[in-house]
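Colleague: If you scroll down you'll find the structure; I have some questions about it.
A short reminder: the numbers here are calculations on the coordinates, not readings from a lab. No experiment lies behind these values; they were computed from the predicted model shown. Here the Cβ is made from the backbone with ideal geometry for all residues, glycine too, and neighbour counts use every protein chain on show.
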C-alpha cells in the first residue's frame, strides 16, 4: 500500500471505532463533525429514523458573510459551533452525542465543540 492509502485506511478505522460508541437518538441526536483542509461540515443526525435534523458548513451562504475568506481556522470553527447550537436550540434539541469522526479533539474540532456548548448544547 502506498502512504496515502495507509493514511485513508487508518482514518476509516478511527471513524468506525468512534461510531461504534456514538449513536444518535430522537432525544439525543448525534452531532457529526467532518473537516477538510479548507472547510468544516456539521450535522445533527437522528440515527434511529435516519434523518438529518439540521446541518451547516463553512460553505453555506449565511456563514460566508460571517467568516469572510477562510473557513479552515479556529475562529471559523467557533462561529460554526455557535451557529449549529442556535439552530439546534431552535429545533428544541438540548443534548447531543458528539461525533468527531476520527479527528483528534483539539484545534478546530475543540473550538467547534466549545462554540456549540456556548450556544447551550450539552454533551
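Colleague: Take residue 37 and residue 117, extend 7 Å from each Cα along the Cα→Cβ direction, and tell me the distance between the two endpoints in nm.
Modeller: The modelled label-to-label distance comes out at 3.1 nm.
Colleague: Would you please give the FRET efficiency between residue 89 and residue 1, computed as 1/(1 + (r/R0)^6) with r the Cβ-Cβ distance and R0 = 30 Å, to the nearest 0.05?
Modeller: On the way: r = 45 Å, r/R0 = 1.49.
Efficiency for this residue pair is about 0.10.
Colleague: May I ask what percent, to the nearest 5, of DSSP beta bridges between residues of the range 3-118 are antiparallel?
Modeller: Approximately 80 percent, going by the DSSP bridge assignments.
Colleague: Still on this structure, I have one more. Tell me, what does the Kirkwood hydrodynamic radius of the range 3-118 come to in angstroms if you use every pair of distinct C-alpha atoms?
Modeller: 14.4
Colleague: Order 92-104, 22-34 from most to least packed using the mean count of other Cβ atoms within 10 Å. Intermediate values should be presented prior to the final figure.
Modeller: On the way: 92-104: 16.9, 22-34: 18.5.
Going from most to least packed, we get 22-34, 92-104.
Colleague: Would you calculate a helix-derived [θ] at 222 nm for the chain, using -39,500 (n - 2.57) for each DSSP H run of n ≥ 4 and dividing by the full residue count, to the nearest 500?
Modeller: -14000 deg cm²/dmol
Colleague: Hey, rough spin-label estimate for residue 13 and residue 62, points 7 angstrom out along Cα→Cβ, what's it come to in nanometres?
Modeller: For the pair residue 13/residue 62, the computed spacing is 4.0 nm.
Colleague: On to the next question. Given points 7 Å out from each Cα along the Cα-Cβ axis, report the residue 101 to residue 23 separation in nanometres with one decimal.
Modeller: About 2.2 nm separates the two model spin labels.
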